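This report refers to the structure that appears directly beneath it.
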Amino acid sequence: MTYIHPETQAIRTQSERSQHQEHSVPVYLTSSFVFDDAEEMRASFAEEKQRNIYSRYTNPNNHELVQKMCLLEGAEAGHAFATGMSAIFSTFAALLDSGDHVLSARSIFGNTHTLFTKYFPKWDISHTYFDVNDLEGIESLIQPETKILYVESPTNPATDIVDLALLSTLSRKHNLIFIVDNCFATPYLQQPIKWGADIVIHSATKLLDGQGRVMGGITVGSAGLIDTIYRFARITGPALSPFNAWTLSKSLETLAVRVEKHCENAIALAKQLEKHPRVKQVRYPFLPSHPQFELAQKQMKLGGNIVTIEIEGGLESGRTFLNAIEMCSLTANLGDTRTIVSHPASTTHGKLSVEERQAVGITDGLIRISVGLEHVQDIIQDVEKALVSI
């Protein structure tokens, strides 16, 4: 039976039942799988027969998770990883060769920036950044060696929205691999492949899990590209554990209802903070005041769970704000059931220079709020009490 709606796909897509006819898929905590005879073993290793061999390669729990994500994203194939960063690194490392060039949005996760600036140059892989608010200038940055065009949308933490259809057209024109980090949106809110992306990457640690329990990463996309990535991962070993895969697959069953509530709380908080005298600016993709409001409505179902605000007083006010928070969590994660607040300039992006931070929209007074599932009035009250302290 074919399920049309993503809510049903996320719940009813399951690995084959065992002889026990279980309703919920069990956790396959096994490192390897046995063969009936020498010929089956030979054929399996020769890839003449598709089956599980070793959990570093595939596992029923990982397969179920990837199958669900492929359906939700509209992808042909995928592979699961131990973390979001292992998904990002493995994807790039598998597809790039020495001498290749990456054209990337400047507004990307800090660890991805470190890959581009510190580690990839060791293998003669270069990069150029572009401003997500100046897409007209991107084509002039494409070099003969450019192989990948990479973006996050919405971006972290400024919540900029990137025109995926425009970048897809550009990628096709110049034969580039177009990769989108869809972590902030999830496939429930946005499907980049529908807008022309070749590959979509997720940190499953965030909204896909949604409860701050396990780590994981997923890459989905065209079958040929995923096969190249899978073979790299099979050798290098960044495998997702079966237990984490089982947890994440179960989490996808509630993705739709969780994300709907996240978005409902987030826009209510954003609208309330727009009226606050100590907030200079609020950025949320589905606020009419957001610079890419119309584009966000075109590409996304709802605005996501991240709200950013700009407060007076710079770094010191940011620290004061965090210290005044009572209910919300101060932690490095996002996309949790619990609301999380952070001050990027003094924490996650503190090692960047002022100029580097400003280039990606991270001002000294920027506060990122990952809006959770608590009652929205409790979230608003905690944030507003902290604002009074600055």
Karplus ³J(HN,Hα) for segment 330-347 (6.51 cos²θ - 1.76 cosθ + 1.60, θ = phi - 60°; Hz, whole; x = Gly/Pro) runs 9, 8, 8, 8, 7, x, 8, 4, 9, 5, 10, 10, 8, 10, x, 5, 9, 10
Which residues qualify? For Phe130, with a placed amide H closer than 5 Å and at least 5 residues away or on another chain, they are Ser104, Ala105, Arg106
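Run through every distinct alpha carbon pair of segment 126-283 and return the Kirkwood hydrodynamic radius in angstroms, one decimal place.
Values: mean 1/r = 0.0564 Å⁻¹.
It is 17.7 Å.
Per DSSP H run of n ≥ 4, the term is -39500 (n - 2.57); total these for the chain, divide by its residue number, and report the mean residue ellipticity at 222 nm rounded to 500 deg cm²/dmol.
Values: 14 runs with 142 residues, N = 390.
Using -39500 (n - 2.57) per qualifying helix, the result is -10500 deg cm²/dmol.
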For segment 140-215, dividing by residue count, accessible area per residue (probe 1.4 Å) in Å² works out to 30
Computed over segment 1-127, protein heavy atoms only, probe 1.4 angstrom, the accessible area per residue in square angstrom equals 54
Taking only the alpha-carbon atoms of segment 280-385, the convex hull volume per residue, in cubic angstrom, is 112
To the nearest 10 degrees, the tilt of helix 164-173 (Cα long axis) against the first principal axis of the alpha carbons of the chain is 50
Of the convex hull drawn through the C-alpha atoms of segment 329-378, the volume per residue in Å³ is 76
Bounding extents of segment 115-199 in its principal axis frame from Cα atoms, largest first in Å, are 37, 28, 22
Which of Lys122/Lys280; Lys147/Lys194; Lys49/Lys122; Lys49/Lys301; Lys206/Lys298; Lys118/Lys261 exceed 31 Å between C-alpha atoms? The answer is Lys122/Lys280; Lys49/Lys122; Lys49/Lys301; Lys118/Lys261
From the Cα centre of segment 275-319 to that of segment 28-93, the distance in Å is 40
Rounded to a whole number, the Stokes-Einstein D of segment 230-271 in µm²/s (Kirkwood radius over Cα pairs; 25 °C; 0.890 mPa s) is 190
Kirkwood-based Rg/Rh on the Cα set of segment 18-95 evaluates to 1.01
So the compactness index of segment 280-341, its C-alpha Rg divided by 2.2 N^0.38 Å, takes the value 1.31
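Kirkwood hydrodynamic radius of segment 200-270 from all distinct Cα pairs, in Å?
13.8
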Longest principal axis of the chain (C-alpha) makes with the long axis of helix 223-236 (C-alpha) an angle, in degrees to the nearest 10, of 90
Note: segment 70-212 at 4 °C, 1.567 mPa s; Kirkwood Rh on alpha carbon pairs; Stokes-Einstein D in µm²/s works out to 85
Rounded to the nearest Å, the spacing of the alpha-carbon centers of segment 137-182 and segment 218-254 is 23
Here D for segment 49-131, in µm²/s, from Stokes-Einstein with a Kirkwood Rh over Cα pairs at 10 °C and 1.306 mPa s, works out to 107
Most packed first (mean Cβ within 10 Å per residue), the peptides 236-244, 187-195 order as 187-195, 236-244
Treating every alpha carbon of the chain as one equal point scatterer without solvent, the Debye formula yields log10 I(q)/I(0) values at q = 0.06, 0.12, 0.13 Å⁻¹ of -0.24, -0.94, -1.09
For 295-301, 170-176, ranked highest to lowest by mean beta-carbon neighbours within 10 Å, the order is 295-301, 170-176
If each part is reduced to its alpha-carbon centroid, segment 104-124 and segment 339-375 end up apart, in Å, by 19
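The values are calculated or read from the model by the stated rules, or taken from the named source; none is laboratory data. Remember, it's a predicted structure, so these values are computed and weren't measured experimentally. Glycine also receives a Cβ, built like all others from the backbone with ideal geometry; neighbour counts cover every protein chain displayed. In case anyone asks, the SASA skips ligands and DNA or RNA and just uses the protein heavy atoms, side chains included. Shrake-Rupley method; radii C 1.70, N 1.55, O 1.52, S 1.80 Å.
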